[in-house]
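Undergrad: Got a structure for you, questions after.
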Amino acid sequence: MEHYTPIYVNTSDKSVLVIGGGRVAERKVRGLLQTEARITVVSPLLTPTLEQLHQESRIEWIARSYRNGDLRGAFLVYAATDDPHVNHAVVQEAEVGAILVNDAMSSGNSSFITPSVVRRGRLSIAISTAGAGPAAAAEIRALLEQQFGDEYETYLDFLHQMRMEIKSRGLPPTVRSTLLRRLTEMDILDTIRTGQFEWWSEEKIGNWISRNQEEM
């Protein structure tokens, strides 16, 4: 059994290579589009979707088969061809260059795996079965998507707004922590779910902070 350390990697403005242009490569690219990575696909052919993304300048395309040396300067790499020998060569080059690599055909050859993810704005929940059952991961994801609805996007944006406002006031760390904890104890989520939520004005935020400080 492989053991992985769950982490979130910042790929914004970093070079990410996808070797392969088929459906598996397309899935990898789709998952990367929201990360603001600089995505390059190396493949003689692309799926229609990948071709469209290239035409929209959302990905770069090197229209040929993989060659040793293609990984130079990459932050991380997906080996996503349907040829195990090519994928193995990509993994070998990545290991020599100390580059994070995912072999789409073999999690055992990968230095990282891509989990199934539920996204709700700032919220992301990653699900992994360490390669044991992709179908099970998809089922768990479906359950979590029902449990964590779109209201969480608004809720976390609200918490972020309040956190930034509280931090800007130069309050002691203990006071900040208490205020943030009290925010999570409020029924904001229910208010959002019932359509009664309204964004707080600066005056309302200031009054809420002052009132809660007095109660400490």
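Undergrad: Taking the range 1-118, how much of its Cα-Cα pair set, in percent, is spaced more than 19 angstrom apart? Kindly include the intermediate steps, with their values, before the conclusion.
TA: Details: 2815 of 6903 pairs.
Of all Cα-Cα distances in the range 1-118, 41 percent exceed 19 Å.
Undergrad: Per residue, how much space in cubic angstrom lies within the convex hull of the C-alpha atoms of the range 91-216?
TA: Values: hull volume 20.2 nm³, N = 126.
So the per-residue Cα hull volume is 160 Å³.
Undergrad: Something else: Please grab the % of Cα pairs in the chain that end up more than 32 Å from each other. List each step's numbers first, then the result.
TA: On the way: 8680 of 23220 pairs.
Counting pairs separated by more than 32 Å, the tail of P(r) holds 37 percent.
Undergrad: While we're here: Of all the C-alpha pairs in the range 113-174, what % are more than 20 Å from each other? Write down the numbers at each step before the final one.
TA: Values: 865 of 1891 pairs.
In whole percent, the share of Cα-Cα pairs in the range 113-174 beyond 20 Å is 46.
Undergrad: A further question follows. Computed over the Cα atoms of the range 145-216, what is the convex hull's projected area averaged over all directions, in nm²? Please report the intermediate quantities before stating the final value.
TA: On the way: hull surface 20.7 nm².
Convex hull of Cα atoms, orientation-averaged projection: 5.2 nm².
Undergrad: Once R0 is set to 30 Å, what does the formula 1/(1 + (r/R0)^6) return for the Cβ-Cβ distance between Glu214 and His160, expressed as a FRET efficiency to the nearest 0.05?
TA: Details: r = 25 Å, r/R0 = 0.83.
The value I calculate is 0.75.
Undergrad: Gap in Å between the Cα centre of the range 1-80 and the Cα centre of the range 116-152?
TA: 22 Å
Undergrad: For the range 53-92, state the average projected area of the convex hull of the C-alpha atoms over all orientations, rounded to one decimal in nm².
TA: Computed as one quarter of the Cα hull surface, the answer is 3.4 nm².
Every read-out reported here was derived from the displayed coordinates using simple, explicitly stated rules and does not represent laboratory data. Small disclaimer: the values here were computed from a predicted structure and weren't measured. Using ideal geometry, Cβ is built from the backbone for each residue, glycine included, and neighbour counts are taken over all protein chains shown.
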